[in-house]
Amino acid sequence: MYFLQILTLAVSVTLHTSTPPHLQRFRRMQSAQQRCLRPWRLVVSNVVSNFSVCSSRDLGRLPHHEQIFRELDPKGARFISTQVVRNRMKSVKNIQKITKAMKMVAASKLRAVQQRTENSRGLWQPFTALLGDNPSTDVKKNVIVTISSDKGLCGGINSTSVKMSKALYKLNAGPEKEVKYVVLGEKAKAQFVRDSKKAIEISITELQKYPLNYTQVSVLADDILKNVEYDALRIVFNKFQSVVQFIPTVATILSPEVVEREAEAGGKLGDLDSYEIEGGETKGEILQNLAEFQFSCTMFNGVLENACSELGARMSAMDSSSRNAGDMLDRLTLTYNRTRQASITTELIEIISGASALTG
Amino acid sequence: MTLNLCVLTPNRIVWDSEVKEIILSTNSGQIGVLPNHAPIATALDIGILRIRLLKDQWFTMALMGGFARVGNNEITILVNDAERGSDIDPQEAQQTLEIAEANLSRAEGKRQTIEANLALRRARTRVEVINSIL
């Protein structure tokens, strides 16, 4: 008899302590989730990762309610409380509400910025009409100005900007050539710091703390021009084509010396000579002013376009996550109903079998 | 023959239509531009832009520095800020001028003096525009 008792004790101990390794993580996540359901960021990652990890294991072969059972109660017991499912439903519903609100906020901000962006597009067009756009000029000192956002949850626009900047870096690297970065925005800074920390010349964050205006951007442009030596400035930003389309663009601005050099070579810049340059002491001084003005105008337009793209991307990202949350909620509701019905059925069976045992 | 004039500021397009003649004030003096002018690219000072409309009326605008490009009968003016004469309030312009003058006399240090000077020129331009209309 003692032996039986020890055996049952041993079996129960092993049942409690030995969880297969791929389920141990679920148990940790489950307890973490139940501990802190309120910070929604944590829940998002938990909810998302729960289901994604689930599907990548062999649990993916099981039907959906089995998957939830397995991960919510890793010991394998079939009956989970409806409480757990209800908690999960509540958190998913909160996430849905938050993402819907974020989408609407982004939409309303977008309307305001879009108008200003379209007005500012006329700014850089005269420069291109006068000087042409020459992204392929070969210069010794390149400076890549990457414009990105400070806040996240805006889709993939920051990654595309960074990817394009890195590609430009590789394109322009070579003997006797140097390339430097000027980074605007937290997100690009975080990505650049990881692998090209030495090449970052200046990094500027919190651009959008106050509404964007030309004076602020021209001060910034002045700062950059003073501190960085350049032959060509390449501004990388996301151009706002429409609410769902953002195109990474590069705007090239050449320094006055390079303009002079290229003007001799002919082409669009060669027409520059046909213009009589007035309004100052020397032609060089005017061209210098022109280049600086061109830089600040193009940067103003770039910053506005990037802000628009960020808001548009955030709108679509939040929209798809509210839709995903809605789908998750539907599936959870089905699971909840099944769980509820299962527990009712169990109770009935117990009562009926108990009653039939009594009556004989 | 008319000129196609476009005045752009970072925030909006101030003027975009056809005119007969304009008078710009550049860093090295005032120049008048008539149709079929030779192409020039010039830096503009803080000053007045006078426009002669198709019906031979003169129209004034205050420009706060920028660039102008004259192509074949197309003029593009890019300025930091531009205000139409009709949009400026005379009282307010006069007050701004007085405040700017006071600031200039109080300014210390090179940078403040330069800034005060610029503010004063801007205020003076606006007052001139008002006066030239009246």
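The values are calculated or read from the model by the stated rules, or taken from the named source; none is laboratory data. A quick note: this is a predicted structure, and the numbers were derived from the prediction, not measured. Note that we place each Cβ from the backbone using ideal geometry, even for glycine, and neighbour counts take in every protein chain shown.
Here are the numbers for this structure:
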item: Of the criteria (1) surrounded by fewer than 19 Cβ atoms within 10 Å (Cβ to Cβ); (2) under 15 Å from the mean Cα position of the chain (by Cα); (3) under 14 Å from B:I23 (Cβ atoms), which one B:R84 fails; result: (3)
item: Meets criteria (modelled with pLDDT of 90 or more, loosely packed, with under 14 Cβ neighbours inside 10 Å and assigned to a helix (DSSP H, G or I)) for A:S108; result: yes
item: Residue in the range B:40-47 that is polar (S, T, N, Q) and surrounded by fewer than 19 Cβ atoms within 10 Å (Cβ to Cβ) present; result: no
item: Sole residue being farther than 30 Å from A:T128 by Cβ and either at pLDDT below 95 or in contact with a Pro (Cβ under 7 Å, 6 or more places away or on another chain) (or both), chosen from A:R338, A:R323; result: A:R338
item: Considering residues of the range A:280-306 that are at the interface with chain B (Cβ under 9 Å from one of its Cβ atoms) and not in a helix (DSSP H, G or I) only, the residue nearest to B:N27 (Cα to Cα); result: A:G280
item: Hey, A:A357 surrounded by 14 or more Cβ atoms within 10 Å (Cβ to Cβ) and either part of a helix (DSSP H, G or I) or modelled with pLDDT of 90 or more (or both) or not; result: no
item: Test set (1) more than 24 Å from the chain's Cα centre (by Cα); (2) without any contact (Cβ under 8 Å) to a residue 60 or more places away in the chain - A:F192 fails condition number; result: (1)
item: Residue satisfying condition, being hydroxyl-bearing (S, T, Y) and free of Cβ contacts under 8 Å to residues at least 60 places away in the same chain, within set A:S136, A:S120; result: A:S136
item: Counted residues, the range A:230-251 - those being over 20 Å from A:F192 (Cβ atoms) and of a type in the set (V, I, T); result: 3
item: Some residue of the range B:82-94 being closer than 29 Å to A:S296 by Cα, touching a residue at least 24 places away in the same chain (Cβ under 8 Å) and touching a Pro at 6+ places or on another chain (Cβ under 9 Å); result: no
item: Selection status of A:M328, within 14 Å of chain B (Cβ to nearest Cβ) and either in a helix (DSSP H, G or I) or of a type in the set (A, V, I, L, M, F, W, C) (or both); result: no
item: Residue list for the range B:95-134, restricted to those being among the aliphatic types (A, V, I, L, M) and over 19 Å from the mean Cα position of the chain (by Cα); result: B:I99, B:A102, B:L104, B:A107, B:I114
item: Selection status of A:S322, surrounded by fewer than 16 Cβ atoms within 10 Å (Cβ to Cβ), in contact (Cβ under 8 Å) with a residue 24 or more places away in the chain and farther than 30 Å from A:A232 by Cβ; result: no
item: Long-range neighbours under 8 Å by Cβ, at least six apart or interchain, first residue over 20 Å from B:I46 (Cα atoms) within the range B:106-117, second modelled with pLDDT of 80 or more and charged (D, E, K, R); result: B:A107/B:E115
item: Residues being within 25 Å of A:S218 (Cβ to Cβ) and either part of a helix (DSSP H, G or I) or within 14 Å of another protein chain (Cβ to nearest Cβ) (or both) - total across the range B:78-118; result: 23
item: Residues of the range B:3-61 that turn out to be among the charged types (D, E, K, R), within 12 Å of another protein chain (Cβ to nearest Cβ) and either under 16 Å from B:E128 (Cα atoms) or assigned to a strand (DSSP E or B) (or both), as a count; result: 2
item: Of all residues making up the range B:31-55, the number that are closer than 30 Å to B:A119 by Cβ and without any contact (Cβ under 8 Å) to a residue 12 or more places away in the chain; result: 2
item: Condition broken by B:E74, with the remaining ones in (1) within 14 Å of chain A (Cβ to nearest Cβ); (2) free of Cβ contacts under 8 Å to residues at least 40 places away in the same chain; (3) over 19 Å from B:R124 (Cβ atoms) satisfied; result: (2)
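Per-residue answers, yes or no, for (1) modelled with pLDDT of 90 or more; (2) among the aromatic types (F, W, Y); (3) in contact with a helix residue (DSSP H, G or I) (Cβ under 7 Å, 6 or more places away or on another chain):
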| residue | (1), (2), (3) |
| --- | --- |
| A:K140 | no, no, no |
| A:S149 | yes, no, yes |
| A:T160 | yes, no, no |
| A:K163 | yes, no, no |
| A:S203 | no, no, yes |
| A:E206 | no, no, no |
| A:I224 | no, no, no |
